[in-house]
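So the structure is just underneath, and the comments pick up after that.
Taken together, the values in this text are just the output of simple stated rules run on the coordinates, not laboratory data. Every value quoted in this text rests on a predicted model; they were computed, and no experiment measured them. Because the Cβ atoms are built from the backbone with ideal geometry, glycine has one as well, and the counts that use them run over all protein chains shown.
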Amino acid sequence: MTNCDKRRDHDPEEDEVVWVDDSGPVPPPPEGTLLSIGNVAKMFNVSRLALRNYEVRGLIKRRHRVGNTRVYGWADCDRIAFIIKGRKAGLSLTEIGPILKAADEDALPESIKSGRASCLDLIDRLDRRRQALRDALAELRHLHTLLSSKLGRGGERD
């Protein structure tokens, strides 16, 4: 289940919609609200300029129209959620782009192979970063315990 699929349990009285990471679902816009650029920007707490940048790069596209308004689909919301998570993890749009393009229904086999290889490279890179973070956290916890014991022995010193 994607973040966009999880948005169905929304209290329409909520004024502000923010993009939530893995800690919970992202509520949908109130019933009847179009997935216009402004509404999607509010939903994910990103600027319209950021969404236009993603469009220019071919990462998302407002494919549908409701009257004169071009709107996004839920698939684009899933892509936006992936982009935001990738950016929070330190990935660039240049790194994210080939993966999203490979996921397109009309992607060529070469693009899919390239996207798959990019996924594996990024998984390896993020796994190495995760290990480095674990090591740093372990060291900081050790130092915190050491410093706490020093305060316990000699009282608090400035």
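Tabulated data
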{"item": "Paramagnetic label zone (point 7 Å from Cα along Cα-to-C-beta, A75; backbone N under 12 Å) in region 105-128", "result": "105-107"}
{"item": "Label point distance in nm, D127-L146, each placed 7 Å from Cα along Cα→Cβ", "result": "3.1"}
{"item": "Highest to lowest packing among 96-103, 119-126, 77-84, 43-50, scored as the average C-beta count within 10 Å", "result": "77-84, 96-103, 43-50, 119-126"}
